[in-house]
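The structure under discussion appears below in the form of structure tokens.
The values are calculated or read from the model by the stated rules, or taken from the named source; none is laboratory data. Every value quoted in this text rests on a predicted model; they were computed, and no experiment measured them. Because the Cβ atoms are built from the backbone with ideal geometry, glycine has one as well, and the counts that use them run over all protein chains shown. Protein only, heavy atoms only, side chains kept; ligands, DNA and RNA dropped before computing areas. Shrake-Rupley method; radii C 1.70, N 1.55, O 1.52, S 1.80 Å.
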Protein chains: 8
Amino acid sequence: MQWTIYLSGEIHTDWREQIINRCEALNLPVIFTSSVTEHEASDSAGDVLGAESNSFWRDHKSAKVNAIRIKTLIQQCDLAIIRFGEKYKQWNAAFDAGYCAALSKPYITLHDEKIIHPLKEVDASAMAWATRPGQIVEIISYTVLNK
Amino acid sequence: MQWTIYLSGEIHTDWREQIINRCEALNLPVIFTSSVTEHEASDSAGDVLGAESNSFWRDHKSAKVNAIRIKTLIQQCDLAIIRFGEKYKQWNAAFDAGYCAALSKPYITLHDEKIIHPLKEVDASAMAWATRPGQIVEIISYTVLNK
Amino acid sequence: MQWTIYLSGEIHTDWREQIINRCEALNLPVIFTSSVTEHEASDSAGDVLGAESNSFWRDHKSAKVNAIRIKTLIQQCDLAIIRFGEKYKQWNAAFDAGYCAALSKPYITLHDEKIIHPLKEVDASAMAWATRPGQIVEIISYTVLNK
Amino acid sequence: MQWTIYLSGEIHTDWREQIINRCEALNLPVIFTSSVTEHEASDSAGDVLGAESNSFWRDHKSAKVNAIRIKTLIQQCDLAIIRFGEKYKQWNAAFDAGYCAALSKPYITLHDEKIIHPLKEVDASAMAWATRPGQIVEIISYTVLNK
Amino acid sequence: MQWTIYLSGEIHTDWREQIINRCEALNLPVIFTSSVTEHEASDSAGDVLGAESNSFWRDHKSAKVNAIRIKTLIQQCDLAIIRFGEKYKQWNAAFDAGYCAALSKPYITLHDEKIIHPLKEVDASAMAWATRPGQIVEIISYTVLNK
Amino acid sequence: MQWTIYLSGEIHTDWREQIINRCEALNLPVIFTSSVTEHEASDSAGDVLGAESNSFWRDHKSAKVNAIRIKTLIQQCDLAIIRFGEKYKQWNAAFDAGYCAALSKPYITLHDEKIIHPLKEVDASAMAWATRPGQIVEIISYTVLNK
Amino acid sequence: MQWTIYLSGEIHTDWREQIINRCEALNLPVIFTSSVTEHEASDSAGDVLGAESNSFWRDHKSAKVNAIRIKTLIQQCDLAIIRFGEKYKQWNAAFDAGYCAALSKPYITLHDEKIIHPLKEVDASAMAWATRPGQIVEIISYTVLNK
Amino acid sequence: MQWTIYLSGEIHTDWREQIINRCEALNLPVIFTSSVTEHEASDSAGDVLGAESNSFWRDHKSAKVNAIRIKTLIQQCDLAIIRFGEKYKQWNAAFDAGYCAALSKPYITLHDEKIIHPLKEVDASAMAWATRPGQIVEIISYTVLNK
């Protein structure tokens, strides 16, 4: 069996690459999926549908176009990893966690100890909390390999 | 028909009271529900189950006890209002929004114009975005009264 | 048992009143629900959230505010009556029919013989097709009374 | 991952071919599905089951045979494109949109600016509104390619 | 708590009355529901919608009108009793049993020993098999009374 | 796309073979599934679990073993064909129809005109009624081929 | 709002009464439900359907009759308390926990520290673990009262 | 069609190997899945996330990591075999059975006659009860081969 793992959250560090590369090196039977993680591309995803003078609507159109991809990939994943970094609001990551919880999709959070308290509701529905990508790789490896 | 409306998010301003009081004044057929909004009580909800030296586990136990109430009330509501204030991470509010979205529960966001961009994914699944409690009251009034 | 019946579609004739009045005269244990059927009020349902220069967004905001009511009431009904009149596109009525079909909510269509052909997909998922409100009343009466 | 995209609505212009051909030219990992779009074949789909003197029943039988294909393909798609043209009632397209909405299937509408108002409820549940097939191709391309 | 019990199947003997009367005599907190059990009324349920020369369509219209009531009441019941008598095909009773099974609605069959073999698939998904109404009453009484 | 079609009902005539052979001759992209249709094997499916003196329990065990296969295959099919022949009670076929109806699985009935009346509830939820295997093949061919 | 709380597990100590009495003393808006907890009555629940020489079938019939009550009450509860005592296998309590988990029904376990290890999978899906009925009462009180 | 069969329960005897080997010898189209069945590895599955002084939390973390695998594999299986041995509490096996029951996943129990009574609720929702792996193999073979 091949596992599909959705990587949600922070886009300004290389945590995705770390996880993907190590899992590839281990030859694990996993496919990784993500939203579009290029900031500019993501913010302008709806621009093709016409320019907007009002920034709310520009954001709205792009967010909805991105949601086609995000919701479909979350619904099709077997496991999600949700990363909270040090900067930005990252409400979309918490939104994804709530979305997973309601669909009974298992997810693991990846964040620093400093933000335990504000993430307690998100962690309460998670299957695990990790602080380093290496831990995520070990759990994935344990989960997907048939011992 | 009586409508049940769940009020999620910010607990440090009186937005809940404003909405509840005005809806009562209008005699609307609505019941409001919420998580436990008293900060201290909420943080210590799990303490009765035994003390924890590790703050992660203390938070974890309390967050899970709170989740009994929160998830049940969200599942039973007809509409949720999700408020993002100026301070704090408020990841639990975004989590509730994602939870509503996955369950196809309609929700309205209530937040300032300044945070449109970081909330674009949350707003993209909302039925409306309001900036003042009075707007929420008008929409509730419009929705629940049989014209 | 009390039955909840959602009345969808045409708002420019008195078919709703005919059905409601006759059912009341018969003392049937039914509650009728509807979207907001006053044209002006419905079109401006979102205006309280701020003016829009672009008519697409004005319509969008109002349609979403109306959807809070419509989707909730359809989900809570036991039966829907969907009326197609002689004028206007009435795509919202067909949309409601598709929504009912996917949720396995039984619905009855009410329309003239002239539009059988364009409505064949909508009728194909309906439990019955009627041409006059009186027929609807007879079917409701038959269905809700415990003979 | 391969995406399955259902194309619903207007059958008298070449919008389907435009989208399919451009996506093929771009080598996108997509499969397109549709109802049977040949008008005559669709209208007579049920004739093999026996002739009907009453046109309602002829339409009914054909519409139900077509529904086997339509409902199955919508349930299996990842995204639907719903096209409203200039002519005909096209209630089946609006019905498909409602069906998608209730199943939480993302859909994009494709229609002219002139019919924004009557389509506002259909657009309110859509992930995007486009006016030209080329925009649809760009959104598909953005969504299915792993950037 | 009040229990709702749907009584499906044979309409030519008084098994329904026996169960209902004894449960009433015991003052059990139960409500009984049924399809319309008057044969003539049931067969002509769709006649109000217009006469049909073809008996298939007459039956079809009536069966669909009856299905509004039947499917709604099965979906709302807590338990179904499904009775197979000595005469007639009674495929509708077996249909109701399959419908209950797919919805995880518990049901009890009530039939003679002689028809065990042809009913084995129906009994395989049942919670119990009884041969006399008195047994049904005892099980209902046991189930709904809080000992 | 490949379609999976479940063939339910009568096991004493060659209707399954007729449909399968003609579809194969037409090279249609379909897979056919069925319960175990060999009468003896089916009736003794549970015997391996131990002999039973009571025929009810022997039937019960076999019917449950068969149900593993039947329910799984119905849940995985895209379309079911449900055949009622001239003999036997065939309650299992009607049970399968009810099971399909509750799961929103489309099904087509295949039966003689003589039994229209007792099958009216089963036909009321069907997508089509055919009297000859050749009609079924034409509908399958129409449905699965991309015209 | 009134909360419905299902009490599952051990029937040989008075933990149910302790919880019920204290909640009543506190006047909490809760209704408690349970399986039939009288051992003899529960074991003989199916005897009315006929004697069985084989103890497996006697148990089977009684367990199924009890399941009508148990599954219905679990599906209708807002919260379950699942108690593991010192004696007996109590596989039915663990079964109820798994049933709750799959339905996303929140549950709290109530058991001694000595059996933490064998109950780790059951606790992993629980919202809380308590060792004394008094803790359960405090959590219920916290959850159902609107502070 | 290939069948996926989940093997749950006892890890200290070779029942899994017996079933797998015989099915392989018979060349059956089946894939077997399981939780991680190596005791030490399973108990320490969460250790990579950080040491815990409290044994409850160590167990909790490991059980949750294991649950990622277990719940996903149960949701994806077509049939589960649930084995209860002579030793240990095996509450996780009963939990898996309840989980299967709520999801309508068919399962077969495999246990000795001595524990019929305490397993009656678990057996009541099972499709079959076997006492030897060889019986399981026969039922699998019967079920997956297209006779």
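Details
- Restricting attention to segment D:54-95, the residues being under 29 Å from D:GLN135 (Cα atoms) and of a type in the set (Gly, Ala, Ser) number 5.
- Scanning segment E:41-85 for residues that are of a type in the set (D, E, K, R) and in contact with a Ser or Thr (Cβ under 9 Å, 6 or more places away or on another chain) returns E:ASP43, E:ASP47, E:ARG58, E:LYS64, E:ARG69, E:LYS71, E:ASP78, E:ARG83.
- Test result for F:LEU103, modelled with pLDDT of 95 or more, within 20 Å of E:LEU73 (Cα to Cα) and under 16 Å from the mean Cα position of the chain (by Cα): yes
- Filter pass, A:GLU138 being open to solvent by 20 Å² or more (accessible area, probe 1.4 Å) and either within 17 Å of the chain's Cα centre (by Cα) or more than 20 Å from B:SER62 (Cα to Cα) (or both): yes
- Filter result for F:LYS87 (within 18 Å of the chain's Cα centre (by Cα) and modelled with pLDDT under 95): yes
- Of all residues in segment D:60-87, those satisfying the criterion of being touching a residue at least 24 places away in the same chain (Cβ under 8 Å) and farther than 21 Å from A:ILE70 by Cβ are D:ASN66, D:ARG69, D:ILE70, D:LYS71, D:LEU73, D:ARG83, D:PHE84, D:GLY85, D:GLU86, D:LYS87.
- Any chance C:PHE56 is without any contact (Cβ under 8 Å) to a residue 40 or more places away in the chain, closer than 21 Å to B:SER141 by Cβ and aromatic (Phe, Trp, Tyr): no
- Just one of (1) farther than 18 Å from D:SER42 by Cβ; (2) facing chain D (nearest Cβ under 7 Å) fails for C:LYS114. It is (2).
- Reported count of residues in segment E:125-147, each being in a loop (DSSP other than H, G, I, E, B) and hydroxyl-bearing (Ser, Thr, Tyr), is 2.
- Condition check for B:LEU119: farther than 23 Å from C:THR72 by Cβ, free of Cβ contacts under 8 Å to residues at least 40 places away in the same chain and within 7 Å of chain A (Cβ to nearest Cβ): yes
- Any chance H:ALA25 is over 15 Å from the mean Cα position of the chain (by Cα) and under 26 Å from E:LEU103 (Cα atoms): no
- Each residue in segment D:122-136 was checked for being in contact with a helix residue (DSSP H, G or I) (Cβ under 6 Å, 6 or more places away or on another chain) and more than 8 Å from every other protein chain (Cβ to nearest Cβ), and 2 of them qualify.
- Selection from segment H:1-24 of residues that are under 30 Å from F:THR33 (Cα atoms) and among the aliphatic types (A, V, I, L, M): H:MET1, H:ILE5, H:LEU7, H:ILE19, H:ILE20
- Selection of segment G:28-52 for residues being in contact (Cβ under 8 Å) with a residue 24 or more places away in the chain and more than 17 Å from the chain's Cα centre (by Cα) yields G:LEU28, G:PRO29.
- Boolean, D:ILE139 is touching a helix residue (DSSP H, G or I) at 6+ places or on another chain (Cβ under 7 Å) and touching a residue at least 60 places away in the same chain (Cβ under 8 Å): no
- Segments classed as helices (runs of 4 or more DSSP H), wholly inside segment E:1-111, with at least 3 members that are within 13 Å of chain F (Cβ to nearest Cβ) and buried (at least 23 other Cβ atoms within 10 Å of the Cβ): E:55-76, E:91-103
- Selection count, segment F:20-61, where residues are in contact with a Cys (Cβ under 7 Å, 6 or more places away or on another chain) and modelled with pLDDT under 95: 0
- The set of residues from segment G:112-129 being of a type in the set (D, E, K, R) and surrounded by fewer than 19 Cβ atoms within 10 Å (Cβ to Cβ) comprises G:ASP112, G:GLU113, G:LYS114.
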